[in-house]
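A.B. asks: Before anything else, here's the structure in question.
The values are calculated or read from the model by the stated rules, or taken from the named source; none is laboratory data. As the structure is a computational prediction, the values presented were derived from the model and not from experiment. Because the Cβ atoms are built from the backbone with ideal geometry, glycine has one as well, and the counts that use them run over all protein chains shown. With ligands, DNA and RNA removed, areas are computed over all heavy atoms of the protein, side chains included. Shrake-Rupley method; radii C 1.70, N 1.55, O 1.52, S 1.80 Å.
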Amino acid sequence: MSAHLLLDVADVSKRFGGVRALDSVGLQVPHGAIVGLIGPNGAGKTTFFNVITGLYPADSGIFLFDGVSYFPESVSQVTKAGLARTFQNIRLFGEMSVLENVMVGCHCRSKAGLLGAIFRFPATRREEQQIQEKSLALLAYVGLSDYKDMQARNLSYGHQRRLEIARALATEPKLLALDEPAAGMNATEKLELRELLLRIRADGKTILLIEHDVSLVMGICDHLTVLDYGKVIASGKPSDVREHPEVIKAYLGQGAV
Amino acid sequence: MLRKLVKNHPIHNAYLGLGVIALVVLPWLVGVGGGNYWVRVLDFALLYIVLALGLNVVVGFAGLLDLGYIAFYALGAYSYALLASPHLPNHFEVIASAFPQGMHFSPWMVAIFSIILAALFGIVLGLPTLQLRGDYLAIVTLGFGEIIRIFMNNLDRPLNLTNGPKGITAIDPLQVFGITFTKPLDLGIIQIPGLYLVFYLFLILAVLVTIVCLHLQNSRIGRAWVAIREDEIAAKAMGINTRNMKLLAFAIGASFAGVAGVLFSAFQGFVSPESFTLWESIVVLAMVVLGGIGHIPGVILGAIVLAVFPEVLRGVAEPVQKMLFGHVIVDVEVIRQLIYGLALILIMLYRPGGIWQKRGDQ
Amino acid sequence: MSALLRVEDLRVAYGGINAVKGIDLHVNQGELVALIGANGAGKSSSLKAIAGLLTPTSGVIQFANQQTNGQPAYELARLGLGLVPEGRGVFKRMTILENLQMGAFLKSDAKAIDRKLEEVFYYFSRLKERLSQLAGTLSGGEQQMVAMGRAMMAEPKLLLLDEPSMGLSPIMVETIFDVVRNLSKNGMTILLVEQNARLALQMADRAYVMESGLITLTGPGSELLQDPRVRTAYLGE
Amino acid sequence: KSGDKAATVPADGIEVKIGHVAPLTGPIAHLGKDNENGARLALEEINKAGLTIDGKKVVLTLVPEDDAEDPKTATQVAQKLVDAKVVGVVGHLNSGTSIPASKIYSDAGITQVSPSSTNPDYTKQGFKTTYRLVATDAQQGPALGNYVANTLKAKTVAIIDDSTQYGKGLADEFEKTVKAAGLKVVTREASNNKATDFKAILTKVKGSKPDVIMYGGMDATGGPLAKQATELGIKAKIVGGDGMCTEKLIELAGEAVVNVTCSEAGKALSKMAQGADFQKRYKERFNSDVQIYAPFTYDAVYVLVDAMKRANSTDPAKILLAMPDTKMNGLIGNIAFDSKGDMKEGVITLYDFKDKKKTVLDVINM
Amino acid sequence: MDIFLQQIINGLVLGSIYALIALGYTMVYGVLGIINFAHGEVLMIGAMVSLSLLRLILGLTSGLPGWLTLLIVLPVAMAVCAGLSYWIERIAYRPLRNAPRLAPLISAIGMSILLQTVAMLIWSRNPMTYPQLLPSTPIELGSTGATITGKEIVIILVALAVMCGLLFLVEKTKLGRAMRATAEQTQIASLMGVNPNRVISITFMLGGALAGLAGVMIASNYGNVHFYMGFIPGLKAFTAAVLGGIGNLQGAMLGGLLLGLIESLGAGYIGELTGGVFGSNYQDIFAFLVLILVLVLRPTGLLGEKVSDRA
Ligand SMILES: Nc1ncnc2c1ncn2[C@@H]1O[C@H](COP(=O)(O)OP(=O)(O)OP(=O)(O)O)[C@@H](O)[C@H]1O
Ligand SMILES: Nc1ncnc2c1ncn2[C@@H]1O[C@H](COP(=O)(O)OP(=O)(O)OP(=O)(O)O)[C@@H](O)[C@H]1O
Ligand SMILES: CC(C)C[C@H](N)C(=O)O
Ligand SMILES: [Mg+2]
Ligand SMILES: [Mg+2]
């Protein structure tokens, strides 16, 4: 079963004082899929991301990534293993340029060490060259080429979101976990984002997506898991989930299109 | 900047040549125009450049506020003082018999030793402070600096390791390739005074350190540091091992200070804990911030300004008063302090990002 | 009807970057006006300039019959201008209750404040459950509720909303828009910046479309909904 | 104001510069200024009286510098004085600055007379240029120690120092002496020279019930220390060195001063033939009281001028050559140097403060 | 046993002094997030001003009881320090509000040098005695042998009272809320109608007044003043504030008391604890080691908030 699963977690719990942010949550992400994680505000989606990426220690949980069991303790290890994420409250390196932000993303896939940095061996220089080219390509990929020399903190909100995606892609993840990438985008921009996500998938990546935009989620996700008050209340194909009464009640609302 | 200069380009080569010539004749110009005093001031300014660049790696690049930086300088200084002075043989039979000629380790060996020692201490300081942020880190590093100084001050008993507050005297002068830096070097046609020789030696060190810093800044490691400074969580999410990177910053900054300390102690011939007070750490930090934190040319400028400026005041406070009022109305040193304090404030007010900050950082 | 807010030839620049390049707009007393546009069009910059958080490079801003450009935000707040900023801007280290109390900073009538609090809880019952939780630990959506609630506490004459639906679940989006609609119905004047252009246009009396720092289209909301340029650029059709 | 009254150099005369270095900023700036004042007073007197060397009228000028108690700054100002062609230097105040600077003076062949550096190492470096006018810690410590052992007949002592060169150095020497005399050092404590609160240390000292407490440190800390000792109900006698042996101590220690006995590494101002007169002139000129070492800097200038006269030259090298033969009856007493540059006839004076007046208890000739 | 008790008392008194300074420090830090390095110097100026005033009063009449003189002098010193603080903020910090984080640190250091020098000009370089205004005869505590003086009791009480007053102000009043809001997000606070400049000025004046209070307390406790007297207590208080969790008022109090206790117990017992290898000369090391240990275990100080750093 788990052979074709990229991410397979079960029984993840996390509490903050009295708040049970996650209560025995399980989630599977097959290779090459786009899986959506949805749910009302405060349901625990971001917390789930924080836990699987090692930012918050889990109270309990079983974690398998690409068939290997892991315990998410160190964020950087998780990233190296191939799970990259973006942040709901954008966390760019504000003082750095847009290009540099992406170059930082290349950190874990490059290896120049201290001596390399100091002595600039030919190999180091070649690597730097590659990092730069790769980063420029990624900026073009998300449509930010024009802004490459701008300081990241000066970008508008929507552009910052794209930059986060580019930066995450630079870590060459197998699984890209996106926390509300469409927030702050208008419908047309969302369409572009949708294209981008599909392209990313087509390029062989798997995506785990937190998103409140129903049409986007329903449109591109192969599978949805719905959280409410830290519990999974529904899970399945988008078409099934959207009919689920509890989901409608807690999340979609009657007026949902 | 330098990197570009080094690239093979006729104009750049010309600039480089001019720069080298300017630096080579600088002590002569200064020495003839202002006397050896100014050459000595420059010598110290060069040491401060090394210190400030080292601290810049920690504070400027990695964003770790370090108020105990001078401790590493002290480690270097004491290493040389102990390994190249009669102090230990005088107080320990064993050592005296092991070194019948006295202890005279070469500055180079001690420098290498100090780099390693200081780097290790940098890591030792770094390890417990990894989760600390901002001012919490500042106070812990401050404590570390004081701890080292207090040890230097008190390790004269039960065993007399450091001679306590009395300090260590009779430290061997700098000696490289048979050139002793306290004596003029006779080249036949020309005699180079010792202080000038020191200038050249310190200059070489400062240039090397500058190049290392420039290279680090534009590297994968330099970027990782800045990323940590900007947002540590996001940096981790980029796969950066923030722990190792922070430790590396501490270690590198410390090692610069270690080398500088060795040279300082050899140059001065005397070390005592008084040279390594919190105030010295603050001065070096002020150099970094005042010059332009994170910006190498700025930091160099900051070090020069703060090393030279007080000495300029020393010279002008009296004549200027005499010119203005006909006689001295306020003591020179008071004026000097007043202006120094005021200058720190004013420079920050008019150039909050430093005298010479990065482009686009205004 | 007189214009409560009138903006003429407003320009905003950051260093060398011109973010807003001379826009004219007005909001009449009691109106709900939407401002839509792509990422980076300059919407937030315009709102910040109007609210006094940014000093415009040139132009005239008139609010409540006063010329207000260049006046600091706290003066404008006294005049009755409220802004729910992009990214919420809750006071993370203060409790929900304290955040709401901050909203009523300029009020001193304890009873009126309590009444207002109840009104806020009526719309956002979730907040009532967690009165003493630090706002920094709330989820994104919850924080948006705090920000809205906080602005409501001040009973502003003109409320500027910068993307209030951002990051909200569909059900919450409905709630928020209900609140906006209600506030508007009860006479509050609102200028709404929104990425959810469809909803915004449906609700708005009038709307402006902003592109690269300029206003390129204006008209009644329903009209703009039909405009093919709007449909392709903002409604994803 | 210490305004500048430098006499103008007459056409037929020459200007001769004498350097003075002490910390004029920082925590012990008051001592530094005191030193400078002493030197200035001497210089002005000499100029007023008129000085003729080798047939030329000589006008002395003082080149005062601030070393801020910092060894590195000390070497810079030393270099500056050398460049300025001073014929001799009075200073520095601290051993920690005198020592690094001495190398530079030595290289330049300029005489250095420190009024107050008491670290024995200062004159042990093998330089021909280093002189001092005070007894070393190695002399003062034993004097105090012997007093405690022989006169006070104490059996147990507690020792506290201020972690400085001076305080600790003195305390160490004291400790050696009393131990050799068979006394028991019940506890050895250290504070620092910027401390204000000594209660914890004193409480511990109180617990070890010493007959005598020895403090190695300055009056600025010694005063409060004595005061707090009284507040804790400590009755033991407190003895200290020259650093706290000041008139100021009476003020700083308040009532507690009657408990203090201290030594000065030279003659007492009151025992100096000209002491009272000096104090008066000093007060007139600078409108402040003598702190500690002003008489020593005062004499240091005279020592240099004396050498100048004997050499009949203002050439630093010649002055230096004349230094070893110094034999002078100065304000502080008889001044003559041994081969290292230390005072031959060190005098240590002991004081106490009965009735809150600094009174001489004993004079010990070394 | 009496010794131990005495050391505890010593520690509490010293700690209260640290706490008193740390409270002012921490409050200013709480609002602006800057280390006001000049705080110690404001304290010194407070002590100096009060000394000048005391000399004046004592010159006019000598019949007033000490506590009354103190009550006359104290408000003046506090007012002067409040005013001084106000101007320090206006001149050295306000223009740097949006500057890089370390810029105000440097201008604060400049300010500290400046104030010291000015004090040196006005009040000379000499240490001066400060009249004894409060009873300093030791009071025996029962039969324990431990003693405490009247002035020490006053100091402990004043520190406690100040903390309670500040806590009430910051936690329970509208001004306090405005202070916290400004501290967190100045711009947003101004959207609520808070005039950030005013709030910051008020905070600084309060901090200055507290420094003045601390200055007078220290001066009358130790009985002497010096232009350099502010630097070390300032540093210690900063350490105390960090130990307790900087920005947190109870933390400042706790940190101050703790630091005082650590220092006094350190000075008293390191020797015994280490079998005589180390002594009171290592008391600062001891204090810093405790500090480091505490911060390793609790990176934001004893009572510092857990940073609500959500990703
Ligand atoms: N660091 C924290 N401390 C305390 N409580 C927290 C913390 N992080 C999250 N919570 C609580 O956990 C719950 C889940 O929060 P989470 O951010 O995961 O929600 P979410 O599903 O991402 O919501 P949204 O869609 O609004 O972003 C919330 O009630 C929140 O208050
Ligand atoms: N602080 C700043 N410094 C420099 N440039 C800025 C700054 N803030 C915004 N900008 C630039 O100004 C332009 C307008 O930005 P603004 O935030 O007003 O856009 P917006 O319409 O609100 O976009 P979004 O829908 O993405 O929030 C953008 O190009 C942005 O990069
Ligand atoms: C003024 C004194 C503290 C100087 C001291 N005697 C020294 O040798 O340094
Ligand atoms: Mg979330
Ligand atoms: Mg916006």
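A.B. asks: Would you mind computing, in nm to one decimal, how far apart the modelled labels at C:Asp24 and E:Gln132 are, each placed 7 Å from Cα along Cα→Cβ?
C.D. replies: 8.3 nm
A.B. asks: Helix-only estimate, please: 222 nm mean residue ellipticity of chain B, summing -39500 (n - 2.57) across DSSP H runs of length 4 or more and dividing by its residues, to the nearest 500. Working shown, then result.
C.D. replies: Numbers: 15 runs with 248 residues, N = 362.
It lands at -23000 deg cm²/dmol.
A.B. asks: Oh, and also: Taking 1 over the mean of 1/r across every pair of different Cα atoms in segment A:1-88, what Kirkwood radius in Å do you get? Let's see the in-between values first.
C.D. replies: Values: mean 1/r = 0.0754 Å⁻¹.
Here the Kirkwood hydrodynamic radius works out to 13.3 Å.
A.B. asks: To the nearest 0.05, what FRET efficiency results for A:Glu73 and B:Leu120 with a Förster distance of 35 Å applied to their C-beta separation? Each step should come with its number before you reach the end.
C.D. replies: Working: r = 27 Å, r/R0 = 0.76.
Efficiency computed from Cβ-Cβ geometry: 0.85.
A.B. asks: Say we join alpha carbon atoms closer than 10 Å with springs in a Gaussian network model of chain D; which of D:Thr151, D:Thr61, D:Thr246 then has the biggest fluctuation?
C.D. replies: Most flexible of the set in this elastic network: D:Thr151.
A.B. asks: Using a 1.4 Å probe and counting only protein heavy atoms, arrange C:Glu211, D:Glu69 so the residue with the most accessible area comes first.
C.D. replies: Ranked list, largest accessible area first: C:Glu211, D:Glu69.
A.B. asks: Leaving ligands, DNA and RNA out of it, work out the accessible area of D:Lys354 with a 1.4 Å probe and give it in Å² to the nearest 10.
C.D. replies: In the full protein context, D:Lys354 sits at about 130 Å².
A.B. asks: Quick check: Cα centre of segment D:167-237 to Cα centre of segment A:24-66, how many Å?
C.D. replies: 65 Å
A.B. asks: Further question: With a 1.4 Å probe and all protein chains left in place, how much accessible area per residue does segment C:3-235 have, in Å²?
C.D. replies: 37 Å²
A.B. asks: Rounded to the nearest 10 degrees, what's the angle between the helix D:95-108 long axis and the longest principal axis of chain D, both from Cα atoms, 0 to 90?
C.D. replies: In chain D, helix D:95-108 runs at an angle near 20 degrees to the longest axis.
A.B. asks: Starting from segment A:112-186, pick out the trypsin sites (Lys or Arg not before Pro) whose DSSP state is loop and whose Cβ has at most 13 other Cβ atoms within 10 Å.
C.D. replies: Details: sites: A:Arg120, A:Arg125, A:Arg126, A:Lys134, A:Lys148, A:Arg153, A:Arg161, A:Arg162, A:Arg167, A:Lys174; in loops: A:Arg120, A:Lys148, A:Lys174.
Loop-located and lightly packed - none at all.
A.B. asks: May I ask for the Rg/Rh ratio of segment D:219-350, computed from Cα atoms with Rh as the Kirkwood radius, given to two decimals? Please report the intermediate quantities before stating the final value.
C.D. replies: Numbers: Rg = 18.1 Å, Rh = 16.6 Å.
For segment D:219-350, the value is 1.09.
A.B. asks: Here is a further query. Per residue, how much space in cubic angstrom lies within the convex hull of the C-alpha atoms of segment C:3-235?
C.D. replies: Working: hull volume 27.2 nm³, N = 233.
That works out to 117 Å³ per residue.
A.B. asks: Cα extents of segment B:14-350 along the three principal axes, largest first, in whole Å?
C.D. replies: 61, 60, 48
A.B. asks: List residues of segment C:19-51, by number, whose backbone nitrogen lies under 14 Å from a label position 7 Å along Cα→C-beta of C:Asn65.
C.D. replies: Only C:29 fall inside the zone, counting backbone N under 14 Å.
A.B. asks: OK, next. Using a 1.4 angstrom probe on heavy atoms only, work out the carbon and sulfur share of the accessible area of segment C:3-235 in %. Mind dumping the intermediate values first?
C.D. replies: Values: 4010 of 8510 Å².
Carbon and sulfur: 47 percent of the exposed surface of segment C:3-235.
A.B. asks: While we're here: So with the 1.4 Å probe, I'd like the accessible area per residue for segment B:14-350, rounded to whole Å². Don't skip to the answer; put the middle values down first.
C.D. replies: On the way: 11340 Å² over 337 residues.
Spelled out: the 1.4 Å probe surface of segment B:14-350, per residue, equals 34 Å².
A.B. asks: A further question follows. Using alpha carbon coordinates only, what is the Rg to Rh ratio of segment D:286-366, with Rh defined as the Kirkwood radius?
C.D. replies: On the way: Rg = 15.8 Å, Rh = 14.6 Å.
Reported Rg/Rh, Kirkwood definition of Rh: 1.08.
A.B. asks: Can you list the chymotrypsin sites (Phe, Trp or Tyr not before Pro) in segment B:124-186 that are in a DSSP coil and have 16 or fewer other beta carbons within 10 angstrom? Numbers along the way, then the final one.
C.D. replies: On the way: sites: B:Tyr136, B:Phe144, B:Phe151, B:Phe177, B:Phe181; in loops: B:Phe177, B:Phe181.
Answer in residue order: B:Phe177.
A.B. asks: Here's another thing I want to ask about it. Let me cross-check E:Leu303: its accessible surface, 1.4 Å probe, with only protein heavy atoms counted, in Å² to the nearest 10?
C.D. replies: In the full protein context, E:Leu303 sits at about 70 Å².
A.B. asks: Once you wrap a convex hull around the alpha carbon atoms of segment C:1-95, what is its projected area averaged over all directions, in nm²? Can you show the working numbers first?
C.D. replies: Details: hull surface 28.9 nm².
Value for segment C:1-95: 7.2 nm².
A.B. asks: Let me ask something additional. Considering chain E as a Gaussian network with a 10 Å cut-off on Cα pairs, which listed residue, E:Glu140, E:Glu41, E:Glu184, attains the greatest mean-square fluctuation?
C.D. replies: E:Glu140
A.B. asks: How would A:Asp23, D:Asp355 rank on accessible area, largest to smallest, probe 1.4 Å? Numbers along the way, then the final one.
C.D. replies: Details: A:Asp23 30, D:Asp355 135 Å².
Order by accessible area, largest first: D:Asp355, A:Asp23.
A.B. asks: Can you give me the long-range amide H partners of D:Lys57? Hydrogens built in the peptide plane at 1.01 Å from N, cutoff under 5 Å, separation of 5 or more residues or another chain.
C.D. replies: D:Ile14
A.B. asks: Taking the alpha-carbon centroid of each part, what is the distance from segment B:185-257 to segment B:269-284 in angstrom?
C.D. replies: Cα centres, segment B:185-257 to segment B:269-284: 21 Å.
A.B. asks: A further question on this structure: Suppose all protein chains stay in the model; what accessible area per residue would a 1.4 Å probe give for chain D, in Å²? Please list the in-between numbers first.
C.D. replies: Working: 12000 Å² over 366 residues.
Ligands and nucleic acids excluded, the figure is 33 Å² per residue.
A.B. asks: Next question. Using just the C-alpha positions of segment A:95-168 as equal point scatterers, what log10 of I(q)/I(0) does the Debye formula give at each q in 0.26 1/Å?
C.D. replies: Debye output, listed in q order: -1.10.
A.B. asks: A further question follows. If I fit a long axis through the Cα atoms of helix A:122-142 and take the longest principal axis of the Cα atoms of chain A, what angle between them do I get, 0 to 90°, rounded to 10?
C.D. replies: Value to nearest ten degrees: 40.
A.B. asks: Moving to a separate point now. Report, in deg cm²/dmol and to the nearest 500, the calculated mean residue ellipticity at 222 nm for chain D, where each DSSP H run with n ≥ 4 adds -39500 (n - 2.57) and the sum is divided by the residue count.
C.D. replies: Here the helix-only value at 222 nm equals -12000 deg cm²/dmol.
A.B. asks: Which of the pairs D:Lys194/D:Lys237; A:Lys45/A:Lys174; D:Lys168/E:Lys236; D:Lys179/D:Lys340; B:Lys358/D:Lys80; D:Lys280/D:Lys356 have their Cα atoms more than 32 Å apart in this structure? Before the final figure, lay out each step's value.
C.D. replies: Details: D:Lys194/D:Lys237 23 Å; A:Lys45/A:Lys174 20 Å; D:Lys168/E:Lys236 24 Å; D:Lys179/D:Lys340 28 Å; B:Lys358/D:Lys80 36 Å; D:Lys280/D:Lys356 20 Å.
Long pairs (Cα-Cα over 32 Å): B:Lys358/D:Lys80.
A.B. asks: If you take each beta carbon of peptide E:195-201 and count the beta carbons of other chains within 10 angstrom, what is the mean?
C.D. replies: Averaged over the peptide's residues, the number is 2.
A.B. asks: While we're looking at this one, here's another question. Separation between the B:Thr180 and C:Ile17 pseudo-spin-labels, each 7 Å from Cα along Cα→Cβ, expressed in nm?
C.D. replies: 6.3 nm
A.B. asks: Something else now. Could you pull the Cα extents of chain D along its three principal axes, largest to smallest, in whole Å?
C.D. replies: 69, 40, 35
A.B. asks: Moving on to the next point. For C:Tyr208, what residues show an amide H to amide H distance below 5 Å, using hydrogens built from the backbone and excluding near sequence neighbours?
C.D. replies: So C:Tyr208 has HN proximity to C:Ala34, C:Leu35, C:Ile36.
A.B. asks: Given the C-alpha atoms of segment E:120-224, compute the convex hull and give its volume per residue in Å³. Write down the numbers at each step before the final one.
C.D. replies: Working: hull volume 15.5 nm³, N = 105.
Cα convex hull per residue, to the nearest whole number: 148 Å³.
A.B. asks: Take the Cα atoms of chain E, build their convex hull, and give its volume per residue in Å³.
C.D. replies: Values: hull volume 47.7 nm³, N = 311.
In chain E, the Cα hull volume divided by residue count equals 153 Å³.
A.B. asks: Quick one: what do you get for segment E:69-166 if you divide its Cα Rg by 2.2 N^0.38 Å? Spell out each step's value before the answer.
C.D. replies: Numbers: Rg = 19.2 Å, N = 98, 2.2 N^0.38 = 12.6 Å.
Ratio of Cα Rg to 2.2 N^0.38 Å: 1.53.
A.B. asks: If you place +1 on the Cβ of every Lys and Arg and -1 on the Cβ of every Asp and Glu, how big does the dipole about the Cα centre of chain B come out, in debye to the nearest 20? All intermediate terms of the calculation are to be shown ahead of the outcome.
C.D. replies: Details: 21 positive and 18 negative charges, 201 e Å.
Dipole magnitude for chain B comes out near 960 debye.
A.B. asks: In segment A:88-107, what residues drop by 40 Å² or more of accessible area when the other protein chains are put back, versus the chain on its own? Use 1.4 Å, and skip ligands and nucleic acids.
C.D. replies: Listed in order, they are A:Gln88, A:Asn89, A:Arg91, A:Phe93, A:Glu95, A:Met96, A:Val104, A:His107.
A.B. asks: Determine the order of A:Phe48, E:Phe4, A:Phe119 by accessible area, beginning with the largest, at a probe radius of 1.4 Å.
C.D. replies: Numbers: A:Phe48 0, E:Phe4 90, A:Phe119 130 Å².
Reading off the accessible areas and sorting them downward yields A:Phe119, E:Phe4, A:Phe48.
A.B. asks: Segment B:53-108 to segment E:1-71: how many Å between their Cα centroids?
C.D. replies: 40 Å
A.B. asks: Still on this structure, please answer the following. What total accessible surface area, summed over both chains, is buried at the interface between chains B and E, computed with a 1.4 Å probe and given in Å² to the nearest 100? Intermediate results must be reported in sequence, preceding the final value.
C.D. replies: On the way: alone 18280 and 15230 Å², together 29400 Å².
Interface area, both chains combined: 4100 Å², rounded to the nearest 100.
A.B. asks: Can I ask one more? Using a 1.4 angstrom probe on protein heavy atoms only, which residues from segment C:29-65 are buried by at least 10 Å² of accessible area when all chains are present rather than their own chain alone?
C.D. replies: C:Ala38, C:Asn39, C:Gly40, C:Leu53
A.B. asks: I want to check the label-to-label distance for B:Ile95 and D:Asp325. Put each point 7 Å from Cα in the C-beta direction and report it in nm to one decimal.
C.D. replies: The modelled label-to-label distance comes out at 4.3 nm.
A.B. asks: Could you work out the relative contact order of segment A:95-168, using alpha carbon pairs under 8 angstrom and six or more residues apart, expressed as a whole percent? Spell out each step's value before the answer.
C.D. replies: Numbers: 63 pairs, mean separation 38.5, N = 74.
About 52 percent, as a whole number.
A.B. asks: So what are the radius of gyration and Dmax for the Cα set of segment D:33-139, in Å?
C.D. replies: Taking only Cα atoms of segment D:33-139, I get Rg and Dmax of 14.1, 43 Å.
A.B. asks: Next question, about the same structure. Once both axes come from the Cα atoms, what is the angle between helix D:71-83 and the longest principal axis of chain D, in degrees from 0 to 90, rounded to 10?
C.D. replies: Orientation of helix D:71-83: about 20 degrees from the principal axis.
A.B. asks: Can you list the trypsin sites (Lys or Arg not before Pro) in segment A:44-117 that are in a DSSP coil and have 12 or fewer other beta carbons within 10 angstrom? The partial results should precede the final answer.
C.D. replies: Values: sites: A:Lys45, A:Lys80, A:Arg85, A:Arg91, A:Arg109, A:Lys111; in loops: A:Arg91, A:Lys111.
In loop regions of segment A:44-117 (DSSP not H, G, I, E or B), the sparsely surrounded trypsin sites (Lys or Arg not before Pro) are A:Lys111.
A.B. asks: Hey, any idea what % of segment A:95-168's accessible area is carbon plus sulfur with a 1.4 Å probe? Don't jump to the answer; show the numbers that get you there.
C.D. replies: Values: 1740 of 3260 Å².
Accessible surface attributable to carbon and sulfur in segment A:95-168 totals 53 percent.
A.B. asks: Using only the alpha carbons of chain A, determine the length spanned along each of the three principal axes and report them from longest to shortest in whole angstroms.
C.D. replies: Ordered largest first, chain A gives principal extents of 62, 40, 36 Å.
A.B. asks: From the phi of every residue in segment A:189-203, what ³J(HN,Hα) in whole Hz does the Karplus formula 6.51 cos²θ - 1.76 cosθ + 1.60 yield, where θ is phi - 60° and glycine or proline is x?
C.D. replies: Each residue of segment A:189-203 in turn: 5, 5, 4, 4, 4, 4, 4, 4, 4, 5, 5, 4, 5, 4, 7 Hz.
A.B. asks: What translational diffusion coefficient, in µm²/s and rounded to a whole number, does the Stokes-Einstein relation yield for the protein assembly as shown at 10 °C and a viscosity of 1.306 mPa s, taking the hydrodynamic radius as the Kirkwood radius over Cα pairs?
C.D. replies: Numbers: Rh = 35.7 Å.
It diffuses with D of about 44 µm²/s by this estimate.
A.B. asks: A further question follows. Could you go through segment B:126-140 in sequence order and give the Karplus-derived ³J(HN,Hα) for each residue, using 6.51 cos²θ - 1.76 cosθ + 1.60 with θ = phi - 60°, rounded to whole Hz, and x for Gly and Pro?
C.D. replies: Working through the residues one at a time gives x, 3, x, 9, 4, 7, 6, 10, x, 6, 5, 5, 4, 6, 5 Hz.
A.B. asks: Just the accessible area for C:Asp205, please: 1.4 Å probe, Å², rounded to the nearest 10?
C.D. replies: Accessible surface of C:Asp205 is approximately 80 Å².
A.B. asks: Can you give the % of DSSP beta bridges in the protein assembly as shown that are antiparallel, to the nearest 5?
C.D. replies: On the way: 71 of 142 bridges.
The antiparallel fraction comes to roughly 50 percent.
A.B. asks: Given the options A:Gly36, A:Gly184, A:Gly44, which has the most mean-square fluctuation in a GNM of chain A, springs set between C-alpha atoms less than 10 angstrom apart?
C.D. replies: Result: A:Gly184 has the largest fluctuation of those listed.
A.B. asks: Let me ask something else about it. Under 18 Å Cα-Cα from A:Lys111, which lysines qualify once same-chain neighbours fewer than 8 residues away are excluded?
C.D. replies: The reachable lysines, counting only those whose Cα sits under 18 Å from A:Lys111, are A:Lys80, A:Lys134, B:Lys236, B:Lys246.
A.B. asks: A follow-up question, please. For q values of 0.18, 0.19, 0.24, 0.26 Å⁻¹, compute log₁₀ I(q)/I(0) with the Debye formula on a Cα-only model of segment B:230-320, without solvent.
C.D. replies: Listed by q, the Debye log ratios stand at -1.05, -1.11, -1.28, -1.28.
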